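No lab work stands behind these numbers, since they all come straight from the coordinates. Fair warning: this is a prediction, and the values are worked out from it, not measured in the lab. Here Cβ is always computed from backbone atoms with ideal geometry, including for glycine, and neighbour counts include all displayed protein chains.
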Amino acid sequence: MRNSLFILVVSLVAAAVFAAALLLRSDYLLFAGYTVLQFVVLATAWNILGGYTGYVNFGTAAFFAVGAYTSVFLHKAFPLPVPVMVVVAGAVAGLLGFGMGYLTLRLRGAFFSIATLALAVVLQTVVVNWHYVGGSRGAYILRPPAGPIAGLSYIEYLFLIMLALAALSLIAARAIECSRLGYGFAAIRDDELAAEANGVPTLRLKLIATTISGAFMGMAGAPFPSYIGYIEPASAFGLPYAVNAIAMPMIGGTTSWAGPLIGAVLLGSLQQIATVTISSAVNLLIVGLLLVGFVIVAPNGIVGLWQRFFGRNRTSWRPSSKSTASASGSAASSPSTPSA
Amino acid sequence: MVELDLVLNALLAGLLLGGFYAAVTVGISISFGILDIVNIAHPAFIILGSYVAYLANAAFGIDPIVVGVLALPLFYVLGAAIYQIYYLSFEQRGQDSLRGLAFFFGLLFITEVGLILAFGVDYRYVQAVYMDRSLDLGIVQIPLRMLVPCLVSLLMLAVLQLLLTKTFVGRAVMAVAQDQLALQLMACDPVRIRRIAFAASIATCAMAGAFLIVIQPIEPSIGREYIGRVFAICVLGGLGSLPGTLIGAMLLGVVESLTATFYGPSWAPAVGFGLLLITLAVRPAGLFGR
């Protein structure tokens, strides 16, 4: 499928979703849908770095909160329309991703992951001590009842923005996947040393990935304060964002754009249901258990399972020499096995 | 003008805190520093240790540190079990980097949420004879609730260092970090050695958890603050060296204590993480690295 066709399909699906949301006229569904869409953006953004290049970011909440607090700051300093705030928040979070990557990406992957954990706590401490944006007491954002688009309530307007962001992130993820950039990312993920030796500019590519990934996370956070109406550091920097952003691609499958989408829609909806029917603590426990279960049992997620059972070429992705030796035993009999 | 006794008290409190941090970090120095297993769930197991100490103390009135010692075998078995899952699912398949990290992140999350479900988010504390006393040395006061964990922690570090350098298994643990193949040629199963070492690293959580609940009241999500601290200390001390860990821990303890004294305790959590970020950016091999 070509890119333009993909863009068309995504836009049509998004339009259909929005039309359905308007027709249903249910505030709860709109709220739940917004949360799921927000996770689609976060999971896709996480996957651009984590799934494509193999660098684990534990600091999704930090980037998300930077986006959210950028819009709180702008709201207090000089109020702008939400789409502009989204762009500014994306720029700030992207810059943060770039700086973060520049400091730590020359080291082994594990250090990057640990540093992202550290980043979340440092930024949370800064925000707690920064009274202009509310400090630890949090900040209220009063949203107007009517949105700038005639006929839409403000909530519907924000829903539309998040829907557009979700569509944009999916289009970007797929475009990256099919481009030179995506092949470079995949080379880094599979064997960074070999990629470097073959002339792939690994540091530059990794910096591009952290920047894009961070920018999308920040953009997902920007409408959040207006949507909820109130924001405080403990919830904006909450671990659930980080866990979900990792669990959703892992459960869906990390190697393609479809994985995070599937994971976010499934897990996001499941959580909305579990929060209402059971309790919010139990629903987080479910996410944790699913994450651990999937990484152990189905390392390539739902997409991987699908490919294994229904795919045309059933070559599973396995980098280890031991298991590829046993797997290629069956594959070697057929002469055309595209492994690269 | 800064008052001298304020500085002295802060310095001393920092050193005592550092002794405790060494106990918190020594497990990571073994698992991350020596075995190269990025066990970010380590602090969550420390909190688990605190709750074990809390339960035994509340039910039977046993001294929390004694509970820590008694719980060592329990945590050792837990560690061995976790390593076995980790080995079979990730190391053996050769995909330990990305998915292994996600695995430990999931464990961290499950432990934390599980503790919240079981105990709620109320702060818990323990009773012991030395809790409310302190040594008064004129210009400085040493609270026993800081001194006792610090001393026991130093003892634990000394024992571990002896085990690592003098016993066969300990030396095999050091060797497994350097050359697994050579270890196999010595008729020594590297997987078994790694399992022992990882189990020992989790076992230290029983002690560290007991120290933690003696020093401060705890609630389940407190462990997250320690992720940055332990990795900062571990990196500062130059991955996998116990004396380095001790020095790194003392350094962080002093810096944090001074920050809390002069800028207010709300900035203290950022110190460890900030130090970690700076170390990673400037000197990733640690203070004494090659």
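Considering the convex hull of the alpha carbon atoms of chain B, report its projected area averaged over all viewing directions, in nm², one decimal.
Across all orientations, chain B yields a mean hull projection of 16.2 nm².
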- Query: How well do other chains shield peptide A:250-259, expressed as the mean number of their Cβ atoms within 10 Å of each residue Cβ?
  - Reply: 1
- Note on the structure: From the Cα centre of the stretch A:271-311 to that of the stretch B:19-64, the distance in Å is 29 Å
- Just from its helices, what would the mean residue ellipticity at 222 nm be for chain B, if runs of 4 or more DSSP H residues each count -39500 (n - 2.57) and the sum is divided by every residue, rounded to the nearest 500 deg cm²/dmol? -24000 deg cm²/dmol
- Kirkwood-based Rg/Rh on the Cα set of the stretch B:32-173 evaluates to 1.03
- Query: Can you give the convex hull volume per residue for the Cα atoms of the stretch B:138-290, as a whole number of Å³?
  - Reply: 144 Å³
- Note on the structure: Residues whose modelled amide H sits under 5 Å from the amide H of residue A:253, counting only those 5 or more places away in sequence or on another chain, are A:302, A:303
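At 37 °C and 0.692 mPa s, grab the translational diffusion coefficient of the stretch A:41-172 from Stokes-Einstein with a Kirkwood Rh over Cα pairs, rounded to a whole number in µm² per second.
202 µm²/s
By the gyration tensor of its Cα atoms, with a ≥ b ≥ c the square roots of the eigenvalues, what is the shape of the stretch A:28-95: rounded for a/c under 1.5, prolate for a/b over b/c, or oblate?
Judged from the Cα gyration tensor, the stretch A:28-95 comes out oblate (a/c at least 1.5, b/c at or above a/b).
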- Message: Going by amide H atoms built from the backbone, whose H comes under 5 Å of the H on residue B:134, apart from near neighbours?
- Response: B:144
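Using a 10 Å cut-off on Cβ atoms, rank the peptides A:20-32, B:143-155, A:196-208 from the highest mean neighbour count down. Working shown, then result.
Values: A:20-32: 13.0, B:143-155: 19.1, A:196-208: 15.5.
Top to bottom by mean Cβ count within 10 Å: B:143-155, A:196-208, A:20-32.
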- Note on the structure: Env charge @ residue B:262, Cβ radius under 15 Å, K,R +1 / D,E -1, value -3
- Message: With +1 on the Cβ of every Lys and Arg and -1 on the Cβ of every Asp and Glu, and nothing else charged, how large is the dipole of chain A about its Cα centre, in debye rounded to the nearest 20?
- Response: 440 debye
- Query: Can you tell which of A:92, A:170, A:216 lies farthest toward the positive end of the dipole of the stretch A:3-238, using +1 and -1 charges on the Cβ of basic and acidic side chains (Lys, Arg; Asp, Glu)?
  - Reply: A:92
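Normalising by the residue count of the stretch B:4-282, find the relative contact order in percent from Cα pairs under 8 Å and 6+ residues apart.
It rounds to 40 percent for the stretch B:4-282.
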- So what are the ³J(HN,Hα) numbers for the stretch B:242-249, from phi and the Karplus equation (6.51, -1.76, 1.60; θ = phi - 60°), rounded to whole Hz, Gly and Pro as x? 5, x, x, 4, 4, 5, x, 5
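Given the convex hull of the Cα atoms of the protein assembly as shown, what is a quarter of its surface area in nm²?
For the Cα atoms of the protein assembly as shown, the hull's average projected area reads 31.5 nm².
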- Item | Percent breakdown of C-alpha pair distances by 10 Å bin, ordered from the shortest bin, for the stretch A:3-238 | 8, 31, 33, 20, 7, 1
- Task: Find how many whole Å separate the alpha carbon centroid of the stretch A:1-24 from the alpha carbon centroid of the stretch B:138-173.
- Result: 62 Å
- Using the Karplus curve 6.51 cos²θ - 1.76 cosθ + 1.60 with θ = phi - 60°, work out ³J(HN,Hα) for each residue of the stretch A:4-12 in order, rounded to whole Hz, and write x for Gly and Pro. 5, 5, 4, 4, 4, 4, 4, 4, 4
- Message: Would the stretch B:71-152 count as rounded, prolate or oblate if I go by the C-alpha gyration tensor, calling it rounded below 1.5 in a/c and otherwise prolate when a/b exceeds b/c, oblate otherwise?
- Response: prolate
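How many Cβ atoms of partner chains, on average, are near each residue of A:122-130 if near means within 10 Å of its Cβ?
Taking all residues of A:122-130 together, the mean is 4.
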- Note on the structure: Env charge @ residue A:260, Cβ radius under 12 Å, K,R +1 / D,E -1, value 0
